[in-house]
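First comes the structure, then the notes that go with it.
The values are calculated or read from the model by the stated rules, or taken from the named source; none is laboratory data. Since this is a predicted model, take the numbers as computed values, not measurements. As a convention, Cβ positions derive from the backbone with ideal geometry for all residues, glycine included, and neighbour counts pool all protein chains shown.
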Amino acid sequence: MPDDDTARIRTLITHWAEAVHRGDLDGVLADHAEDLVMFDVPPPHEGVRGLPAYRATWPPFFEWQAQGACFDIDTLDITAGTDVAYAHALLRCGTPDELAERPTLRLRLTLGLRKEEGRWVVAHEHHSFPHD
């Protein structure tokens with residue numbers, strides 16, 4: 001079962017990243033828990049809690065991304081148990097100018113997931129860039 005769960009989680013994360021890239025808010029919100037906690041690069045630094053607060057963080061990102069920025073998964077690793085899992089990934093996230101200036105820069109993503117009624121949902125999401 002863990003291999004099936006790992007495949008389901010990989011699909012969930014891949015679809016989420018594709019929705020982010022398209023600027024599809026409903027797709028971004030899909031498969032997230034109502035009580036989600038997210039720590040993001042921009043403020044608020046204490047994070048956001050709950051799906052409505054998470055929803056509110058995305059329109060400014062979509063505006064920035066519309067300037068030609070990418071949001072592409074480079075690496076993705078998943079560890080799944082029977083009802084909890086975590087994943088970590090590195091993503092190319094930046095405008096062409098930003099990535100030309102720092103071609104190895106990657107957004108770090110960590111997700112905590114739990115199974116609710118047989119379905120995987122993201123309960124914790126953390127985005128960060130390294131600070132040089």
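Which residue pairs have Cβ atoms closer than 7 Å, lie 6 or more positions apart in sequence or on different chains, and pair a first residue in the range 110-132 that is farther than 14 Å from Thr79 by Cβ with a second residue that is in a strand (DSSP E or B) and among the aromatic types (Phe, Trp, Tyr)?
Taking only residues 6 or more apart or on different chains, the pairs are His126/Phe39.
For Leu36, only one of the following conditions fails: (1) surrounded by 12 or more Cβ atoms within 10 Å (Cβ to Cβ); (2) of a type in the set (A, V, I, L, M); (3) without any contact (Cβ under 8 Å) to a residue 40 or more places away in the chain. What is its number?
Answer for Leu36: the failing condition is (3).
With modelled with pLDDT of 95 or more, within 12 Å of the chain's Cα centre (by Cα) and among the acidic types (Asp, Glu) as the only criterion, which of Asp77, Asp40, Asp31, Asp35 stands out?
None of the other options fit; the residue is Asp31.
How many residues does the range 59-74 hold that are under 13 Å from the mean Cα position of the chain (by Cα) and either of a type in the set (Ser, Thr, Tyr) or more than 18 Å from Thr110 (Cβ to Cβ) (or both)?
0
Taking Leu113 and the conditions (1) surrounded by 14 or more Cβ atoms within 10 Å (Cβ to Cβ); (2) assigned to a helix (DSSP H, G or I), which numbered condition does it fall short on, given that it satisfies the others?
(2)
For the condition basic (Lys, Arg) and in contact with a helix residue (DSSP H, G or I) (Cβ under 7 Å, 6 or more places away or on another chain), what is the one hit in Arg92, Arg108, Arg119?
Arg92
One residue is enough: does the range 8-21 have a residue meeting the conditions free of Cβ contacts under 8 Å to residues at least 24 places away in the same chain, more than 13 Å from the chain's Cα centre (by Cα) and surrounded by fewer than 16 Cβ atoms within 10 Å (Cβ to Cβ)?
Checking the range 8-21: not a single residue is free of Cβ contacts under 8 Å to residues at least 24 places away in the same chain, more than 13 Å from the chain's Cα centre (by Cα) and surrounded by fewer than 16 Cβ atoms within 10 Å (Cβ to Cβ).
Could you tell me whether Thr57 is within 14 Å of His127 (Cα to Cα) and among the polar types (S, T, N, Q)?
yes
Within the range 14-42, can you find the residues that are assigned to a helix (DSSP H, G or I) and touching an Asp or Glu at 6+ places or on another chain (Cβ under 9 Å)?
His15, Trp16, Ala17, Glu18, Ala19, His21, Gly27
Residues are listed down the side, and each one gets a yes or a no for (1) among the polar types (S, T, N, Q); (2) in contact with a helix residue (DSSP H, G or I) (Cβ under 9 Å, 6 or more places away or on another chain); (3) at positive phi:
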| site | (1), (2), (3) |
| --- | --- |
| Thr11 | yes, no, no |
| Trp16 | no, yes, no |
| Leu29 | no, yes, no |
| Glu34 | no, yes, no |
| Phe39 | no, no, no |
| Pro42 | no, yes, no |
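Are any residues in the range 54-78 free of Cβ contacts under 8 Å to residues at least 12 places away in the same chain and either among the aliphatic types (A, V, I, L, M) or part of a strand (DSSP E or B) (or both), and if so, which ones?
Across the range 54-78, the qualifying residue is only Ala56.
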